[in-house]
1. Give me the 1.4 Å probe accessible area per residue for segment 28-84, excluding ligands and nucleic acids, in Å².
2. Select from Thr14, Cys26, Thr38 the residue farthest towards the positive end of the dipole of the chain; place +1 on Cβ of Lys and Arg, -1 on Cβ of Asp and Glu, and compute about the Cα centre.
3. How large is the helix-only mean residue ellipticity at 222 nm for the chain, computed as the sum of -39500 (n - 2.57) over DSSP H runs with n ≥ 4, divided by its residue count, in deg cm²/dmol to the nearest 500?
4. Rounded to a whole number, what is D in µm²/s for the chain from Stokes-Einstein with the Kirkwood radius over alpha-carbon pairs (25 °C, 0.890 mPa s)?
5. Using the 4.7 Å Cβ rule, please list in number order the cysteines from the chain without any candidate partner.
6. With only Lys, Arg, Asp and Glu charged, each at its Cβ (+1 for the first two, -1 for the last two), find how big the charge dipole of segment 24-87 is about the Cα centre; round to the nearest 20 debye.
Amino acid sequence: MTTTICEHLTAVTTVKGAERRECVECVRIGGEWVHLRTCQTCGVTLCCDSSPHRHASAHARTAGHPVIASAEPGERWLYCYPDDASVEY
Ligand SMILES: [Zn+2]
Ligand SMILES: [Zn+2]
Ligand SMILES: [Zn+2]
């Protein structure tokens, strides 16, 4: 994990957590996920890049929302897709 911090990460002042512990897109299509990530722009919780459908990175690309937070218990980090930057909080 890098220690690069970009403007998108520093713009996050309050970290959004997962309202429900499920990927809303996978639930819709009957898919399965490995880990969950929460978009810090709109608050949607989606699945990680280790999951078959990679909904979080697809959302970041199509919606233009750069930063996600891990929604896994005990994990406290943010990640910015366009800058490949991450930070713990
Ligand atoms: Zn960034
Ligand atoms: Zn998913
Ligand atoms: Zn979003």
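1. About 51 Å² of surface per residue is accessible.
2. So the residue furthest toward the plus end is Cys26.
3. -5000 deg cm²/dmol
4. 192
5. Flagged as lacking a Cys partner: Cys6, Cys39, Cys42, Cys48, Cys80.
6. 160
The values are calculated or read from the model by the stated rules, or taken from the named source; none is laboratory data. Please read these numbers as outputs of a predicted model, since none were measured by experiment. Ideal geometry is used to build each Cβ from the backbone, glycine not excepted, and the neighbour counts take in all protein chains shown. The accessibility values were calculated without ligands, DNA or RNA, using every heavy atom of the protein model including side chains. Shrake-Rupley method; radii C 1.70, N 1.55, O 1.52, S 1.80 Å.
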